[in-house]
Amino acid sequence: MRARRHLNYNDPDNFGIVTSDALKNSAKIFWNDFIVAIGVTSIALVVGGIVIMNIMLVSVTERTREIGIRNRWGAAFRYSPSIPIRVNRAFVAWGVHRRRRRVRTRKLRRFF
């Protein structure tokens, strides 16, 4: 290698040689990092799931309390829980309508 690169005896090497042992070591390091990343990701997913469950529990508790207050004030039971459901249905219908409009517009633009 030194002769091919025209290096004198006292000159430092300007090249490197990678052996199979070096590749094995780098694969071990990569594998260890991969295992650590999987572990950290798993812990993050578990913590995220716990957070989401707590958020849902709080929202259900607040909603139950809200329905109880409405019923105590004399609201008919059939109307109080259905109000948010109707609002959500309206938002979903609006979103579906917008999406269909966008898809139709894109299809039309292809032809013109």
So which of 83, 55 ends up being among the hydrophobic types (A, V, I, L, M, F, W, C), surrounded by 10 or more Cβ atoms within 10 Å (Cβ to Cβ), modelled with pLDDT under 85 and part of a helix (DSSP H, G or I)? 83
Output the residues belonging to the stretch 1-28 that are surrounded by 10 or more Cβ atoms within 10 Å (Cβ to Cβ) and among the aliphatic types (A, V, I, L, M). 1, 7, 22, 23, 27
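The values are calculated or read from the model by the stated rules, or taken from the named source; none is laboratory data. Note that the structure is predicted; figures quoted are calculated from it, not measured. Ideal geometry is used to build each Cβ from the backbone, glycine not excepted, and the neighbour counts take in all protein chains shown.
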